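Participant: There's a structure below that I have some questions on.
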Amino acid sequence: MRAVPARQHPGIVHLGLSNFHRAHQAVHTAAALDAADGPWGVLGVAPRSTAVADAMAAQDLRYTVVEISPAGERAVVPAVHTGVRVAAREPDAVLTALSAPGTRIVSLTVTEHGYTLDPVTGGLDLDHPGVRADLRGDAAPGTAIGLVARGLLHRARAGAAPVTVLSCDNLLGNGDTTARLVHGFAHAMAPAEREELTAYLAGVTFPNSMVDRIVPATTDATRAAAHLTGVDDAVPVPAEPFSMWVLEDRFAAGRPAWESAGRGVPGAVFTDDVAGYELLKLRLLNGTHSMLAYLGALAGQDLIPGAVAHLAVRAAAERVLHDEYRPTVPVPAGVDIDAYAARLVERWSNTALGHRTRQVGSDGSLKLAQRVPGPAAEHLAAGRMPHHLALTVAAWLACVAPPPGSDPGPHAAAMHEPARERLAATATGPAADHVRAACALLGGEPGPGFADRVTDLFIVLTRHSVDAAVAEAAGGRTAA
């Protein structure tokens, strides 16, 4: 496999050494470098965990992406990383890399949770303890936005040229969102710092992007499959064969030839209509995926393919996809929406991939805030109750904060939910109050009657069964 020399200075500093980055952006970058040389090595920065960084360092910065489908397995070694760092362990080295003259792109995959976003205002959560600490600046930055902002301030003070900040996370308008948060951080800084950083940000670009690839957690089976390369690999990454990347072509200091296909992935799509692709993915894929995870976990399914195989869950997913998400998405030019929807079901049904409901369902309070309120509001404004969007919210709440006496099962209990304790505080009270507290976390009730409908379905889920709740949603009735 072609390798990027370790001595090469990276052109990209990437925050987040997650499986997704290593199976998506890294593979696309490897394909780009196969097509056209350039200063586009990647310095990978883990926020806190040392496990992946140390394992990659011990493996000459190499790892395997194992593409898994029922037809078989295929191994790819991206080999684009020029170094790894852990921000919490090496803060000065990370800030130095961010401010280095050779750095041209700062990219991120830190999950929705990592943006310290206030879901109500849409701005930076200035009450977040990590944000407050980063604004004081008396210690190394601990949040992603703080690290980006402080890194850009270092660039400004070093006289380094402006760069591109590229979000690769599932946020609607992720570039615009990141720009808003970084500007919000700058405006909250001390006056002298605010003036320096705000002036520098005038030259920084924040293109929107849409990323799409199902990348589960690594398992022992992944490690065994990685032996296809003939070497031991402590940190291989499983992925589906499908991969898609859509970006705005707004880069302050150049970019790799990401439009080039190779390494098993198609070339990235550059377009002015990223928003159309984002809505397509966030609603049809991610929104329906969330429903499959919550209903599937409540039905005792550990894996997403098991949720798809459960007849009631599959029926609910088809309804929310076709009847409630699809009508709210303007389809980008050239996209065959019927083929796209059919491909989604095929991807979710990949039994070889082993994508777990607990993984897809984690961080629901942050994910659903991006996926449910917008389309729900559209339906409610048109006089239609989106019963299956309400069922999605009810299933999430039943998984992460059920009432006393209701057991959501081990797969739901294993979901990571940052608002779990906050929601648990209202779980012992009336169901209607509990649901309204949950809706508030998602940005507020999207329209009249929605919280009442969520309450109806939440009661059926926690007192009866998934099948009963699906039947209730399909019938469009009010539960007694």
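Participant: Which residues, taken from the stretch 268-316, are within 23 Å of residue 21 (Cβ to Cβ), open to solvent by 20 Å² or more (accessible area, probe 1.4 Å) and either touching a Phe, Trp or Tyr at 6+ places or on another chain (Cβ under 6 Å) or in a loop (DSSP other than H, G, I, E, B) (or both)?
Facilitator: Within the stretch 268-316, 271 is the sole residue that qualifies.
Quick grid of which residues meet (1) among the small types (Gly, Ala, Ser); (2) over 25 Å from the mean Cα position of the chain (by Cα); (3) at pLDDT 95 or above; (4) over 29 Å from residue 123 (Cα atoms):
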| residue | (1), (2), (3), (4) |
| --- | --- |
| 383 | yes, yes, yes, yes |
| 397 | no, no, yes, no |
| 401 | yes, no, yes, no |
| 431 | yes, yes, yes, yes |
| 443 | yes, no, no, no |
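Participant: Also, I was wondering about something else. Among what's in the stretch 237-248 and is assigned to a loop (DSSP other than H, G, I, E, B) and open to solvent by less than 40 Å² (accessible area, probe 1.4 Å), pick the residue that is nearest to residue 353 (Cα to Cα).
Facilitator: Among those that are assigned to a loop (DSSP other than H, G, I, E, B) and open to solvent by less than 40 Å² (accessible area, probe 1.4 Å), it is 240.
Participant: I'd like the full set of residues that are free of Cβ contacts under 8 Å to residues at least 60 places away in the same chain, part of a helix (DSSP H, G or I) and more than 19 Å from residue 20 (Cβ to Cβ), limited to the stretch 221-236.
Facilitator: 224, 227 - these are the residues of the stretch 221-236 that are free of Cβ contacts under 8 Å to residues at least 60 places away in the same chain, part of a helix (DSSP H, G or I) and more than 19 Å from residue 20 (Cβ to Cβ).
Participant: Here is a follow-up. With the condition being under 23 Å from residue 473 (Cα atoms) and under 19 Å from the mean Cα position of the chain (by Cα), I'd like the helices (runs of 4 or more DSSP H) fully within the stretch 317-379 carrying at least 3 qualifying residues.
Facilitator: So the answer is 357-361, 364-371.
Participant: Identify, from the list 171, 153, the residue that is in a helix (DSSP H, G or I), touching a helix residue (DSSP H, G or I) at 6+ places or on another chain (Cβ under 6 Å) and open to solvent by less than 10 Å² (accessible area, probe 1.4 Å).
Facilitator: Only one candidate qualifies: 153.
Participant: Tell me, yes or no, whether the stretch 405-419 has at least one residue that is in a helix (DSSP H, G or I) and over 28 Å from residue 355 (Cβ atoms). Don't jump to the end; show me each part of the working.
Facilitator: Applying the first criterion (in a helix (DSSP H, G or I)) to the stretch 405-419 yields 410-413.
Restricting the remaining residues to those that are over 28 Å from residue 355 (Cβ atoms) gives none.
Checked the stretch 405-419: no residue is in a helix (DSSP H, G or I) and over 28 Å from residue 355 (Cβ atoms).
Participant: Quick one: residue 109 ticks every box in (1) among the β-branched types (Val, Ile, Thr); (2) open to solvent by 20 Å² or more (accessible area, probe 1.4 Å); (3) closer than 23 Å to residue 417 by Cα except a single one, so which number is it?
Facilitator: (2)
Participant: Oh, and also: Output the strands (runs of 3 or more DSSP E) that fall wholly within the stretch 1-96 and possess 3 or more residues being open to solvent by less than 20 Å² (accessible area, probe 1.4 Å), of a type in the set (S, T, N, Q) and on the phi < 0 side of the Ramachandran plot, or say none. If you could, list the steps in order and put the result at the bottom.
Facilitator: Details: elements: 12-15, 42-46, 65-69, 72-76, 81-86.
Filter on the stretch 1-96 gives an empty set.
Participant: Follow-up question, since we're still on this one. Please find, among 37, 92, 60, the residue that is closer than 18 Å to residue 146 by Cα and among the charged types (D, E, K, R).
Facilitator: Values: 37 fails: closer than 18 Å to residue 146 by Cα; 60 fails: closer than 18 Å to residue 146 by Cα.
The unique qualifying residue is 92.
Participant: Related question: Can you pull out the residues in the stretch 342-373 that are open to solvent by less than 20 Å² (accessible area, probe 1.4 Å) and hydrophobic (A, V, I, L, M, F, W, C)?
Facilitator: Of everything in the stretch 342-373, those that are open to solvent by less than 20 Å² (accessible area, probe 1.4 Å) and hydrophobic (A, V, I, L, M, F, W, C) turn out to be 344, 348, 353, 360, 368, 372.
Participant: Provide a single number: the residues in the stretch 249-267 that are open to solvent by less than 10 Å² (accessible area, probe 1.4 Å) and outside any strand (DSSP E or B). I'd like the intermediate steps shown before the answer.
Facilitator: The first filter runs over the stretch 249-267 and keeps only residues open to solvent by less than 10 Å² (accessible area, probe 1.4 Å), leaving 256, 258, 265.
Going one step further and asking which of them are outside any strand (DSSP E or B), we end up with 256, 258.
Count: 2.
Participant: I've got another one for you. Sort out which residues of the stretch 112-144 are crowded, with 19+ Cβ neighbours inside 10 Å, part of a loop (DSSP other than H, G, I, E, B) and in contact with a Leu (Cβ under 9 Å, 6 or more places away or on another chain), and write them in order of number.
Facilitator: Matches in the stretch 112-144: 116, 119, 125, 141.
Participant: OK, next. Of the residues 275, 317, which single one is out of contact with any strand residue (DSSP E or B) (no Cβ under 7 Å at 6 or more places or on another chain), touching a residue at least 40 places away in the same chain (Cβ under 8 Å) and among the small types (Gly, Ala, Ser)?
Facilitator: Going through 275, 317 in turn, just one is out of contact with any strand residue (DSSP E or B) (no Cβ under 7 Å at 6 or more places or on another chain), touching a residue at least 40 places away in the same chain (Cβ under 8 Å) and among the small types (Gly, Ala, Ser): 275.
Participant: Continuing with the same structure: Can you tell me which residue in the stretch 206-252 is nearest to the chain's Cα centre (by Cα), limited to those that are modelled with pLDDT under 90 and among the hydrophobic types (A, V, I, L, M, F, W, C)?
Facilitator: Looking at residues that are modelled with pLDDT under 90 and among the hydrophobic types (A, V, I, L, M, F, W, C), I get 217.
Participant: Sticking with this one: Any residue at all in the stretch 199-208 that is open to solvent by 20 Å² or more (accessible area, probe 1.4 Å) and closer than 26 Å to residue 22 by Cα? Reasoning before the result, please.
Facilitator: Taking the stretch 199-208 and keeping what is open to solvent by 20 Å² or more (accessible area, probe 1.4 Å), we get 199-200, 202-203, 205.
Filter once more, so that each one left must be closer than 26 Å to residue 22 by Cα: 205.
Yes, the stretch 199-208 contains at least one residue that is open to solvent by 20 Å² or more (accessible area, probe 1.4 Å) and closer than 26 Å to residue 22 by Cα.
The values are calculated or read from the model by the stated rules, or taken from the named source; none is laboratory data. Here the structure is a predicted model, which means the values were calculated and not measured. Quick reminder, even Gly has a Cβ in these numbers, built from the backbone with ideal geometry, and neighbours come from all protein chains shown. All accessible areas refer to the heavy atoms of the entire protein, side chains included, with ligands and DNA or RNA removed. Shrake-Rupley method; radii C 1.70, N 1.55, O 1.52, S 1.80 Å.
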